[in-house]
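What follows is a single structure, written as structure tokens, with notes after it.
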Amino acid sequence: VEVLGSFAAVRRWGESLQGSFGLVPTMGYLHEGHISLLEGARAGCDAVVMSLFVNPLQFDDPTDLSRYPRDPDRDLELAERAGVNVVFAPGVAEMYATDPIFRVSPGRMAASMEGARRPGHFEGVALAVTKLLAGIRPDRAYFGKKDAQQLAIVQRLATDLSLPVDIVAMPTVREADGLALGSRNVFLGAAARSRARSLSRGLFMAADSVAAGERGGAVLEAHAGTPAGADDRVELEYVELAAQEDVGRLEELDRPAFLAIAATIDGVRLIDNVSFEWKAGVPVPDRGVRLDRISALYSTEED
Ligand code: AMP
């Protein structure tokens, strides 16, 4: 896999290609969630660029930034194995060569849920994604449904700013017991790890009730929050049914939406959601996909 550090170099590579290429933006410390995005890109495009950049602008908490897990050598190895053609690994100086005066504001889409708890987070995401899309010019860009509010914001960003790129959403990849994979999961101790199941358990209960006909937002939020709320070592932050188009809170599940939950367990902040697509007039839950083996997150050596 070729590692490039400048926008200009990646653009030259893209312009010399015959076919289409996809971009998969990541902050590294790869797990099967990232790998499934890379596989989606490989299946949908002739070539794949993965970006690897821990974006300081999207961290509202300096401690979270300094302890964010990093292992670039392992990331390159996993990217290579996943068939990535180019890894774009810019330094902060390349990414923010000018201290940016212009900003990209997600407006009210950043006012709720993650945006309300993490001031400036989505402005940082939106600026980095805009720069990656404008500076690299991929045909398609791949994002995980794990970060549902981020996905909704990126979809709307591309639409509202008429960016010439297809945004492709990929299902959430989960561990065998349902916990959504996330790079920060490596900070969960054994007890916290078993408590963490309560998030996906509640979401799946809510998804089951939707399949059985329930449409009330408050009822679905209550179902989703029940297991986490029952455990006093789980600090539940929010449970919210939000519209896919603008992340506005929904009283009724009557359009494409996602049901999102956030909680902190032993100091580790976790988010998860199930989304609802609309097919033949009814909402169809997307619970994501489960691994049948232990995640690469926990393997310390290469095989
Ligand atoms: P990150 O490196 O955490 O910024 O994530 C990079 C991309 O991978 C984002 O589009 C995430 O939504 C996606 N992603 C992270 N975790 C998962 C997961 N468990 N399943 C699917 N996609 C994921």
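Side notes on the structure shown:
- Rounded Å value of the spacing that divides the Cα centres of segment 229-252 and segment 161-182: 18 Å
- Computed extension length for residue 20-residue 264: 83.8 nm, one decimal, from 0.36 nm per residue of separation with the Cα-Cα distance subtracted.
- Å² of accessible area per residue within segment 50-109, as computed with a 1.4 Å probe and no ligands counted: 54 Å²
- Ratio Rg/Rh [Cα only; Rh per Kirkwood] for the chain: 0.95
- Mean Cβ count within 10 Å, highest first, over the residues of peptides 21-28, 151-158, 116-123: 21-28, 151-158, 116-123
- Where GluC sites (Glu not before Pro) fall in DSSP loop in segment 227-283, at most 14 other Cβ within 10 Å: 245, 251
- Near residue 215: Cβ cut-off under 13 Å, other residues only, Lys/Arg at +1 and Asp/Glu at -1. The net charge is -4.
- Solvent-accessible area of the chain (1.4 angstrom probe, protein heavy atoms only): carbon and sulfur portion equals 51 percent.
- Mean ellipticity per residue at 222 nm, deg cm²/dmol - from DSSP H runs of n ≥ 4 across the chain, formula -39500 (n - 2.57): -10500 deg cm²/dmol
- Cα coordinate range in segment 40-96, projected on the principal axes (Å, largest first): 38, 23, 19
- Whether segment 159-228 is rounded, prolate or oblate, judged on the alpha carbon gyration tensor where a/c under 1.5 counts as rounded: oblate
- Theoretical gain in end-to-end length, residue 212 to residue 2 [0.36 nm per residue, Cα-Cα removed]: 70.7 nm
- Span from the segment 12-84 Cα centroid across to the segment 102-141 one, whole angstrom: 17 Å
The values are calculated or read from the model by the stated rules, or taken from the named source; none is laboratory data. Since we're looking at a predicted model, the values are computed, not measured. Counting neighbours? That spans all protein chains shown, and the Cβs are built from the backbone with ideal geometry, glycine included. Side chains are part of the model used for accessible areas, which takes the heavy atoms of the whole protein and leaves out ligands, DNA and RNA. Shrake-Rupley method; radii C 1.70, N 1.55, O 1.52, S 1.80 Å.
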